[in-house]
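The values are calculated or read from the model by the stated rules, or taken from the named source; none is laboratory data. These numbers come from a predicted model, not from an experiment. Here the Cβ is made from the backbone with ideal geometry for all residues, glycine too, and neighbour counts use every protein chain on show. These accessible areas exclude ligands, DNA and RNA; they are computed on the full protein's heavy atoms, side chains included. Shrake-Rupley method; radii C 1.70, N 1.55, O 1.52, S 1.80 Å.
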Amino acid sequence: MRAARRPDRRRGVVALLSLLLAVAVLLVGPAPGSAAGAAAGGNWWDPTARPAPDSQINVTGEPFKGTDANGKVRGFVDAHDHLMSAEAFGGRLICGQAFSQQGVAEALKDCPEHYPDGSLAIFDMITNGGDGRHDPVGWPTFKDWPAHDSLTHQQNYYAWVERAWRGGQRVLVNDLVTNGVICSVYFFKDRSCDEMTSIRLQAQKTYELQDYVDAMYGGPGKGWFRIVTDSAMARQVIEQGKLAVVLGVETSEPFGCKQILDVAQCSREDIDRGLDELHRIGVRSMFLCHKLDNALCGVRFDEGALGTAINVGQFLSTGTFWKTEKCAGPQHDNPIGLAPSAQAQGLLPAGTSVPGYAADAQCNSRGLTELGAYAVRGLMKRHMMLEIDHMGVKAAGAAFDILESASYPGIISSHSWMDLDWTERVYKLGGFVAQYMHGAEGFSAEAKRTDALRDKYGVGYGYGTDMNGVGGWPGPRGADTPNPVRYPFRSTDGGSLIDRQTTGQRTWDLNTDGAAHVGMVPDWIEDIRLTGGQGVVDDLFRGAESYLSTWGASEKHNASVNLAAGRPAAASSTEWNPFVSYAAGRAVDRDSGSRWASDWSDGQWLRIDLGSPTVVGRVTVLWERAYAKGYRIEVSDDGAAWRTVWSTTEGNGGLDTALFPPTLARYVRLYGEQRGTQWGYSVYDLGVHGS
């Protein structure tokens, strides 16, 4: 009888353990059914195994699928977000996680040093003033965060991203971001400050998030969060009604390309190795510089106390402060922050202080370096897109020159950090522009300022939320505003009903809370409709198509053959030198170190014989210091009768691109009318292309 009783006790223990495990799964793991919106009726957009408890989505209705009547995808594009920046800056700057296998309570909790009252929230004090004090409790109360003015707390919890998707967003660019200097000087960290190590981890976590979402929907490939690596794949994802996630990189010293006392700490080999690795892990767009001058380019400055703090970081990293010069054109960088930042300035060595700057010298004197130009061409070679924001105007202008010389369309301005006077230059190339997520009224006003350009080039518009990017987001317009967002409201496509968003015990209302997290994007777009009109929203709804058009054109781009390379060349004159030849052929000999140089007078020309009538539509000129301020490009069938196809009186040297309607010609001639210096005309390379 005793032998018979022992198996019964074992079965009882097993039953008890099974019950406990089931309870644990319900609490922290994917489980069938939940108040957060698990599928009871089998809707494809609802998960069958969402973790419980979890955030609500508060959107009902089927996400739209397919294309419009013209075969174009529909939907919004967030061109600049940071899903995984909690893994950056040493791991303790952004508090909370985009997801956790242990559930929402683990994901949405504050950094340990913020307890009990935020007294040690040092970065809050540096960037936002005040004493940093706040209620650190996240789930389930969320008394003080996330909030539109809380810069260090998680805003990209996966369910909030899901709400943005359900509200009509179809492209999300997840910029992998970090800054080694901020990491090294920040008081709290739990991991390496190496930037590439952080980038790799953030990419890995993004793929893990895809797996996490897939698990809720029944397995690999079934979830709504889809990482894409080419534009065709993105179109397929969007046509299925899902969210296409693109990986980008925004870091200050990529590939170890920092500079110390103006000496580069990387090589061309480092750049190639780094770009190859990024491409392998799925990155398709990137910034070459961000916040700090590096070995690739000079940055567009920050303003106010934040600018002062970053300038201190610049010194600590490079041994030099920002340097300025008078701007060469109408474009200019942001005014340098001169407001004091006591905490940051206290990090400087004794006797060292942030310099002052002349009011009429508003451009970063550091432009695009030789290594930076190599990196731009490396992106083009790999059909990746260049993020132009954060480049100083001197560096950006040189990058534009390189892209234009090859008619390369892969250029993105994703969050209002480019000089706005260059907007048309982006559109001419075939690039894409998005605006930072400002308040609805300001965003709408700026959108309307460039509306005519979008009509001219037939493009849509985007927004860059920059969530978890330490930037600040739209505040509330107030409950008493005459045109508030009225809940529930319809999505832009009309197929979904969107109510106030609830997570735990907290419900957010855009009117009174502002854009506290990325899940508030649909509410913010409704606010834009109310304050700016349907036209602005329509342009935004065309954003996904325009972004993918830029990406697709970059993938298909082929560098055209230089028709002038090695062809017979003649010139009106040649500068005499007993040691070096400056003959006409030096401009087409495929050697960027040799050059043609003319006599020191105006009215000089350089002529190329293409050998037979050929269609030409683009000429590139790489000037030595002796450039032409005024010159024209001429073509001829016989070398005697010439017709002008392009001209300028505002040449400034460097790399020029002359675009003109394709025309048939055998001869191409550069005719210098006005020198830009006291010397003659000097050309390193003259390129002639079909289009």
Every residue from the range 495-525 that is open to solvent by 20 Å² or more (accessible area, probe 1.4 Å) and under 22 Å from GLY460 (Cα atoms) = GLY495
What pairs come up if the first residue lies in the range 177-192 and is in contact (Cβ under 8 Å) with a residue 40 or more places away in the chain and open to solvent by 50 Å² or more (accessible area, probe 1.4 Å), the second is part of a loop (DSSP other than H, G, I, E, B) and aliphatic (A, V, I, L, M), and their beta carbons are under 6 Å apart, counting only those six or more places apart or on different chains?
-> VAL185/LEU347
How about the range 133-144: which of its residues are open to solvent by less than 20 Å² (accessible area, probe 1.4 Å) and more than 16 Å from ASP509 (Cβ to Cβ)?
-> PRO136, GLY138
With respect to ALA339, is the statement that it is more than 23 Å from SER416 (Cα to Cα) and small (Gly, Ala, Ser) true?
-> no
Name the single residue, out of those in the range 201-211 being open to solvent by 10 Å² or more (accessible area, probe 1.4 Å) and in contact with a helix residue (DSSP H, G or I) (Cβ under 8 Å, 6 or more places away or on another chain), that is farthest from ILE122 (Cα to Cα).
-> LYS205
Subset of the range 88-108 [assigned to a helix (DSSP H, G or I) and surrounded by 23 or more Cβ atoms within 10 Å (Cβ to Cβ)] | VAL104, ALA107
Only one of these is modelled with pLDDT of 95 or more, closer than 27 Å to ALA342 by Cβ and out of contact with any Cys (no Cβ under 8 Å at 6 or more places or on another chain): ASP293, ASP302, ASP272. Name it.
-> ASP293
Condition broken by ARG268, with the remaining ones in (1) under 28 Å from LEU93 (Cα atoms); (2) touching a Phe, Trp or Tyr at 6+ places or on another chain (Cβ under 8 Å) satisfied | (1)
Sole exception among (1) without any contact (Cβ under 8 Å) to a residue 12 or more places away in the chain; (2) under 39 Å from the mean Cα position of the chain (by Cα) for PRO578, by number | (2)
Requiring at least 3 residues that are more than 24 Å from the chain's Cα centre (by Cα), the strands (runs of 3 or more DSSP E) wholly within the range 457-530 are 501-503, 506-508
Does LEU278 qualify as being touching a residue at least 40 places away in the same chain (Cβ under 8 Å), open to solvent by less than 40 Å² (accessible area, probe 1.4 Å), over 30 Å from GLY66 (Cα atoms) and in contact with a strand residue (DSSP E or B) (Cβ under 9 Å, 6 or more places away or on another chain)?
-> yes
In the range 214-235, which residue that is without any contact (Cβ under 8 Å) to a residue 24 or more places away in the chain and loosely packed, with under 15 Cβ neighbours inside 10 Å is farthest from ARG284 (Cα to Cα)?
-> GLY219
Residue that is touching a Leu at 6+ places or on another chain (Cβ under 8 Å), without any contact (Cβ under 8 Å) to a residue 60 or more places away in the chain and closer than 30 Å to GLY690 by Cβ, where the choices are LEU368, LEU403 | LEU403
Residues in the range 397-428 that are open to solvent by less than 40 Å² (accessible area, probe 1.4 Å), closer than 19 Å to ALA79 by Cα and out of contact with any Gly (no Cβ under 8 Å at 6 or more places or on another chain) total 6
Can you name the condition, by its number, that ASP117 falls short on among (1) in a loop (DSSP other than H, G, I, E, B); (2) at pLDDT 95 or above?
-> (2)
Any idea which residue in the range 539-592 is nearest to GLY603 (Cα to Cα), counting only those that are among the basic types (Lys, Arg) and assigned to a loop (DSSP other than H, G, I, E, B)?
-> ARG567
Pick from the range 561-600 the residues that are surrounded by fewer than 16 Cβ atoms within 10 Å (Cβ to Cβ) and among the β-branched types (Val, Ile, Thr): which of them is modelled with the lowest pLDDT?
-> VAL561
Look through the range 631-655, keep the residues that are of a type in the set (Val, Ile, Thr) and open to solvent by less than 60 Å² (accessible area, probe 1.4 Å), and return whichever of them is nearest to CYS327 (Cα to Cα).
-> THR648
The correct count of residues that are surrounded by 21 or more Cβ atoms within 10 Å (Cβ to Cβ) and under 24 Å from ALA553 (Cα atoms) in the range 238-270 is 10
Is there any pair linking a residue in the range 611-637 that is closer than 16 Å to PRO661 by Cα and of a type in the set (Lys, Arg) to one that is modelled with pLDDT of 95 or more and open to solvent by 60 Å² or more (accessible area, probe 1.4 Å), with Cβ under 9 Å and at least six apart or on different chains, and which?
-> ARG632/THR644; ARG632/SER647; ARG632/GLU673
The condition from (1) surrounded by fewer than 23 Cβ atoms within 10 Å (Cβ to Cβ); (2) over 30 Å from THR512 (Cβ atoms); (3) of a type outside the set (Gly, Ala, Ser) that GLU446 misses is numbered (2)
Every residue from the range 196-213 that is closer than 12 Å to LEU83 by Cα and of a type in the set (Phe, Trp, Tyr) = TYR207
Would you pick out the residues in the range 55-87 that are open to solvent by 40 Å² or more (accessible area, probe 1.4 Å) and hydrophobic (A, V, I, L, M, F, W, C)?
-> ALA69
